[in-house]
């Protein structure tokens with residue numbers, strides 16, 4: 001039960017810190033077909049390709065990163081936005097690294 005609570009709390013903290021988090025499970029069939037080495041992951045969803053274990057790569061044209069885990073799953077971390085009264089969301093600058101490229105929340109002063 002403690003582990004379930006810890007997992008839930010960790011997910012909430014990550015959600016509030018980074019905004020969006022997802023996991024792309026490894027694809028053993030694709031790994032075998034492409035002869036992916038045991039020290040890297042392979043992403044075909046965002047066309048990032050090979051990612052060394054423990055390394056991050058930015059997704060082109062999206063403010064998010066992919067991280068290759070030791071189990072060859074890939075963590076996807078992106079921006080999150082909350083709706084707040086009196087505030088608006090402006091696009092981030094995709095030329096900047098993650099998370100600096102995330103949306104900007106601009107609030108009117110009261």
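The values are calculated or read from the model by the stated rules, or taken from the named source; none is laboratory data. The shown structure was predicted, so the numbers you read here are calculated from the model rather than taken from an experiment. Quick reminder, even Gly has a Cβ in these numbers, built from the backbone with ideal geometry, and neighbours come from all protein chains shown.
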- prompt: Listed residues 77, 65; which is in contact with a helix residue (DSSP H, G or I) (Cβ under 7 Å, 6 or more places away or on another chain), at pLDDT 95 or above and under 14 Å from residue 20 (Cβ atoms)?
  reply: 77
query: Does the range 88-110 hold any residues that are within 30 Å of residue 67 (Cβ to Cβ) and part of a strand (DSSP E or B), and which are they?
result: 89, 90, 104, 105, 106
- prompt: Quick one: how many residues across the range 45-84 are without any contact (Cβ under 8 Å) to a residue 60 or more places away in the chain, in a loop (DSSP other than H, G, I, E, B) and touching a strand residue (DSSP E or B) at 6+ places or on another chain (Cβ under 9 Å)?
  reply: 15
